Amino acid sequence: MAKLELKDLRAFRELEGKQLPIGDWIMVTQEMINDFAKATDDFQWIHVDIAKATKYSPFKKPVAHGFMSVSLLSKMLGELIRVKSVQMGVNYGLNKVRFPAPVLVESRLRLVAGISTIENYGDTGLKITWACTVEIEGTEKPACVAEFISLMFE
């Protein structure tokens, strides 16, 4: 269940410019990294070859793909907020995406997010720009900082 549940888009609009509740920690497993490699056909050894990463990587263990952090944004936002009247939501795009720190296997991530802007979109929708920071537990620099844009329709 989402940490924040709202009745409709009218109530949601009141969150513009505000922070959302902080997300729960998600463990990044080697299985997740391998599945992401399969989905994207990106099998660079730093991600999937445990023995080689342990021996040659400066991190001494596999590192998740940077884009894996971005791909988790929809899931993480869905765990933070739910608008009951919304019939459909879609990803619209990203702005200013950065990966300041690597995500090592068995790291824990969480989302710190706010709603930067909300605009009307068509007759029944909104375009939302989310300010997203994916934190790594115990690390000063985040895994990902991005402006994530989505659409919601009633």
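For the reader, a short list of remarks on this structure follows.
- Unmet criterion (only one of (1) touching a strand residue (DSSP E or B) at 6+ places or on another chain (Cβ under 8 Å); (2) open to solvent by less than 40 Å² (accessible area, probe 1.4 Å); (3) within 29 Å of Ile128 (Cβ to Cβ)) for Trp25: (2)
- Filter pass, Ala113 being assigned to a loop (DSSP other than H, G, I, E, B) and open to solvent by less than 20 Å² (accessible area, probe 1.4 Å): no
- Check on Ile46, without any contact (Cβ under 8 Å) to a residue 60 or more places away in the chain, farther than 19 Å from Cys144 by Cα and aliphatic (A, V, I, L, M): no
- Selection count, the stretch 87-110, where residues are open to solvent by less than 50 Å² (accessible area, probe 1.4 Å) and in a loop (DSSP other than H, G, I, E, B): 4
- All positions within the stretch 137-154 that are open to solvent by 10 Å² or more (accessible area, probe 1.4 Å) and in contact with a Pro (Cβ under 8 Å, 6 or more places away or on another chain): Lys141, Pro142, Val145
The values are calculated or read from the model by the stated rules, or taken from the named source; none is laboratory data. None of the values given here were measured: they were computed from a predicted structure. Please note: Cβ atoms are built from the backbone with ideal geometry, for glycine as well, and neighbour counts cover all protein chains shown. Side chains are part of the model used for accessible areas, which takes the heavy atoms of the whole protein and leaves out ligands, DNA and RNA. Shrake-Rupley method; radii C 1.70, N 1.55, O 1.52, S 1.80 Å.
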